[in-house]
Amino acid sequence: MIGGTSDVGIAIARALAQKEARLTLTARNVASLETLVSDFEIRYQNKPNIIELDVTQFDKHQEIISGLKEDLYGAITCVGYLDNQKESQQTWEEALNSIQVNYTGLVSLNNIIANILQEKRSGFILGISSVAGDRGRGSNYIYGSAKAGFTTYLDGLRNRLHRHGVHVMTVKPGFITTKMTEHLHLSGPLTASPERVAKEVLSGIKNGKNTLYTKWIWKWIMFIIGAIPEFMFKKMKL
């Protein structure tokens, strides 16, 4: 689990722990995982392994992932950073952080994971992207472009690994009630809880789903947004 302290990551990890899965959770600060591990051990009699991992420290990825090679069967990427669009337009550091966390760091890690699973000819890779990557919008196009890149990367990885017995699944959430979005004050029928996302993700893995929109209504929302002609779309404030 890459991003073990994210709200969605925790929800997925809980669901897997109840199924007696052997888990390895990663985070930039492993101390932040200790309470969670203790809770899992008491609640589910399942104690996850924890590893310090920063998705932007590219030079350490090979060593860390290679150390998990023998036990690696599946990888779930739950890392995300929602940048401040206005700040990203003015400050390269903010834009770069969004690109590295949401795209380049994940490509670095999943390249290594993919090579291991291809050699084993089994397993799965699950990447959480976003509906924001389906079409660029003025309000979040730095974040959206990074997610679009990650979605396309997962598409290609799925095409490459299918013949080797490895399943790649892309998850495209809409709004989720998480720490990352708490400043947006989300509510209503378009917003999913981390627990709902976790349930749908595990079902998707079990059923070999390639792309999962969650909630499902976002598939049709993005279909409509994608169908708006560019001469109209560019005049809209989205």
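Since every read-out is calculated from the coordinates, none of them should be taken as a lab result. As the structure is a prediction and not an experimental result, all values here were calculated from the model. Cβ atoms come from the backbone with ideal geometry, glycine included; neighbour counts cover every protein chain shown.
Rounded to the nearest 20 debye, the dipole magnitude of the chain is 1040 debye, with +1 charges on Lys and Arg beta carbons, -1 on Asp and Glu beta carbons, and the Cα centre as origin.
DSSP assigns beta bridges within the chain; of those with both partners inside it, close to 0 percent run antiparallel.
List the residues whose amide H sits under 5 Å from the amide H of Gly123, counting only those 5 or more places along or on another chain, with H placed 1.01 Å from N in the peptide plane. Under 5 Å from the amide H of Gly123: His167. Here segment 192-234 and segment 41-93 have alpha carbon centers that stand 23 Å from each other. When the charge dipole of segment 7-233 is built from unit charges on Cβ atoms (+1 for Lys and Arg, -1 for Asp and Glu) and taken about the Cα centre, the candidate among Gly80, Ile51, Val131 whose Cα reaches farthest toward its positive end is Val131.
How much mean residue ellipticity at 222 nm does the chain get from its helices, if each DSSP H run of length 4 or more adds -39500 (n - 2.57) and you divide by all residues, to the nearest 500 deg cm²/dmol? Intermediate values should be presented prior to the final figure.
Numbers: 10 runs with 111 residues, N = 238.
Estimated from H runs of four or more residues: -14000 deg cm²/dmol.
Of the trypsin sites (Lys or Arg not before Pro) found in segment 129-238, those in coil by DSSP whose Cβ has at most 12 other Cβ atoms within 10 Å are Lys234, Lys235, Lys237. If only the Cβ of Lys and Arg carry +1 and only the Cβ of Asp and Glu carry -1, the dipole of segment 194-234 around its Cα centre is close to 140 debye.
Summarising the label geometry, the points placed 7 Å from Cα in the beta-carbon direction at Tyr141 and Tyr73 lie 4.5 nm from one another.
The residue list Pro229, Ala192, Thr104 was ranked by how far each Cα lies along the charge dipole of the chain toward its positive end, using unit charges on Cβ atoms, and Pro229 comes out on top.
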